[in-house]
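Report on the structure given below.
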Amino acid sequence: MKTNLRQTAVYSAVMLCIVLTGCASSGGQSADAAPPGALASNPFAAPGATSYDQVRVKTLRVFGDSYSSPAFTDSRGSINWATELQNRGRAERVDNYAIGGAAAAKGTSTAFDRQVDSALKGNNPIGNGDLAVVYFGYNDIGINGSADGLRRARAGYYDSLNTLIDAGASSGNNRIFVTQIHDWSRNPRNDPKTAGQVVLWNNFIADQANAHANVVAVDLFTVFNRIYEDPARFGFVNVTTRDYGRSSIDALYMDLNHFGSLGQNVISRTFEHYLTRGWEWASTINAGAEAALHLNQDIDNEVLLFKHNSRNRPTSGFAVQAMGSLADQAYRPARYEMFPGSSSPTRVDMTGKLNLAGSNTRGLALSFQPVQEVGTGSSRIGLAINSSQTPHYFNERHSSLSQKSDFNATTMFWHKAVRGFDFTTQASFLRTKHDSYKYDDLLDLSVANAGAGSTWSFEQRLRHSSRQGNMTVSPWVSLTHLTHTLDAQTAQSIYTSDVHYAATRSSEWLSGVGLDLQSDPIELGHRRSMTLGAGISHLFSLKRDSVGVAMQETGGFGAYGAVQREVFARPRINRTQIGFNAAVSLSPTFNVQAFYATDAGDMKQGQRVSLQANMQF
């Protein structure tokens, strides 16, 4: 196949529309029919296939750097383009040899040639109907450009590619996709002067495709240049600076040199298009005017179905998350960044409303993300149900006094993210039960009392996240209204008559301000990474009602004393909380989290340390 980086503007625009509007079919689209003969030359199509849904690679082998490495993308909460291809049914199996920091030039343990050696020595030999994707160049060019003009990179690439070809990666029904990289010089971290080396590298990649049968050049350069030129047309707002929090909504970069989930999705759909609807021209037709004419005819004849557009429709659906101890999260920076595809679960923050020290909390959070347009901000609604039981309640005879407080809580929340601002509305109902036991060993008498109450809470929170250096900085402010009700009860005493307490009701307004810091993942080597976080918050009362209590002593034979009423002024809340946490990812399925928190005003009584291990199955 002949490929040239200098393609016509018409071809560039049409190709990008095909890729980003989802013309490449996705799994489950039963109506994605192919015209007669369109799949005849496609080695990955099932025999007699009549639908693009029937195009599937047996084993997809990926060679590359951090743009392709699942260990890298998973550690940063981003989707991975190769994994997405498999999830959409385009590959039965993915063997991904990509490693962060890898280059085409020889001389390192992660280089292209070493990845090929690992693949050929593995337990899954190249079969029939396999696809190899080669995606290198970024680390060879580097931030400031290659000192030797990419000489070593071209030599290493040439040798390693030919090793794959000699091993049968492009023989029979096998194919190799070589990747022309996007304009690396436009990344926030890189020297714009590297643009010339990007063109030089991509022309070299095109030459490799043209020189070998069954080797196809996949052009990411054209696709992303169209995004840079007209971001809004393709659902992007920010394509120039890093914005980790928005990189799954409307920003291209999650850090200074890597795409987030949206960019990974573009890469995935580009490869998918070359596998399916673009196969005929990509594997046989010369690039340039002829290819542009063919694509325009396909659009005119509705061969390319834009009604399958999924560019502006992030995946909707339900998410279910088991909840650990809210006490352990009491001072933790709240996580309201509920973006599509995020690896972070929704956390219902009840800081300042509950004192759960010494209790075990368990529950279930369910959330739903409706279909929405990219650029309008993510939206999520949900329901959380959780309960807490004090782990120990001693009522043995040698225990003079013990007590416990258990609760059941139901919370409904709605979250909306709009251009860097996160709005969260949360309504909660808390039902609390208090039990106490008292024993006097001298009199050999004991009493047990039980009381109950409830709290309604309505909170509005506003958060704004921005990037500063290698971390995300998130200041926030909240306003909360609470209504408390204490049920009527009769309290027994060892030494006096029983006392009946009437039901009481009070309300209060609280406000909170805080600042959360979250670092980018720090590479530890061997596909391990660590993320550090810190948070400080200040909660204070705006208005707090006093509590009026009506008491009546009871005597024997149904006699009651006079009703006494007292008013108790509740002290204003004025509390500062500080927390630190660290999460270490030891593998894509296992991580360990450590957390320390303290109440700045009462460090002796308000400190908490926790350690948690999480494994995905």
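The values are calculated or read from the model by the stated rules, or taken from the named source; none is laboratory data. Owing to the predicted nature of the structure, the values given are computational and were not obtained by experimental measurement. Backbone-built Cβ (ideal geometry, glycine too); neighbour counts: all protein chains shown. The accessibility values were calculated without ligands, DNA or RNA, using every heavy atom of the protein model including side chains. Shrake-Rupley method; radii C 1.70, N 1.55, O 1.52, S 1.80 Å.
Things to note:
- Single match in 548, 579 (criterion: modelled with pLDDT of 80 or more and within 41 Å of the chain's Cα centre (by Cα)): 579
- Single residue of region 471-485 satisfying the filter (at pLDDT 90 or above and open to solvent by less than 30 Å² (accessible area, probe 1.4 Å)) that is farthest from the chain's Cα centre (by Cα): 483
- Of the residues making up region 450-470, those that are out of contact with any Lys or Arg (no Cβ under 8 Å at 6 or more places or on another chain), open to solvent by 30 Å² or more (accessible area, probe 1.4 Å) and in a strand (DSSP E or B) number 7.
- Candidates 611, 539, 524 - the one that is at pLDDT below 80 and either surrounded by 15 or more Cβ atoms within 10 Å (Cβ to Cβ) or aliphatic (A, V, I, L, M) (or both): 524
- Tally, over region 166-211, of residues that are of a type in the set (A, V, I, L, M), over 12 Å from residue 134 (Cα atoms) and in contact (Cβ under 8 Å) with a residue 24 or more places away in the chain: 5
- Of residues in region 195-210 being under 15 Å from residue 105 (Cβ atoms) and either at pLDDT below 90 or touching a helix residue (DSSP H, G or I) at 6+ places or on another chain (Cβ under 7 Å) (or both), the one surrounded by the fewest Cβ atoms within 10 Å (Cβ to Cβ): 204
- Within region 69-103, the residues that satisfy the criterion of being small (Gly, Ala, Ser) and either in contact with an Asp or Glu (Cβ under 9 Å, 6 or more places away or on another chain) or outside any loop (DSSP other than H, G, I, E, B) (or both) are 71, 75, 82, 89, 91, 98, 100, 101, 102, 103.
- Residue that is surrounded by the most Cβ atoms within 10 Å (Cβ to Cβ), among those in region 143-194 that are assigned to a helix (DSSP H, G or I) and in contact with a Phe, Trp or Tyr (Cβ under 7 Å, 6 or more places away or on another chain): 157
- Residues of region 104-136 that turn out to be under 18 Å from residue 73 (Cα atoms) and either open to solvent by 20 Å² or more (accessible area, probe 1.4 Å) or out of contact with any Asp or Glu (no Cβ under 8 Å at 6 or more places or on another chain) (or both), as a count: 3
- When 252, 262 are checked against the criterion of being crowded, with 24+ Cβ neighbours inside 10 Å and part of a helix (DSSP H, G or I), 262 stands alone in meeting it.
- Number of residues in region 396-435 that are at pLDDT below 80, open to solvent by 30 Å² or more (accessible area, probe 1.4 Å) and closer than 21 Å to residue 496 by Cβ equals 3.
- Top-ranked residue in region 211-221 [being open to solvent by less than 40 Å² (accessible area, probe 1.4 Å) and within 25 Å of residue 81 (Cα to Cα); ranked as modelled with the highest pLDDT]: 215
- Of all residues in region 94-103, none satisfies being more than 24 Å from the chain's Cα centre (by Cα) and surrounded by fewer than 20 Cβ atoms within 10 Å (Cβ to Cβ).
- Residue list for region 211-252, filter: in contact with a helix residue (DSSP H, G or I) (Cβ under 6 Å, 6 or more places away or on another chain), of a type in the set (A, V, I, L, M) and more than 29 Å from residue 281 (Cα to Cα): 239
- Taking (1) within 30 Å of residue 140 (Cα to Cα); (2) surrounded by fewer than 22 Cβ atoms within 10 Å (Cβ to Cβ); (3) at pLDDT below 90; (4) not charged (D, E, K, R) in turn, residue 47 satisfies each apart from (1).
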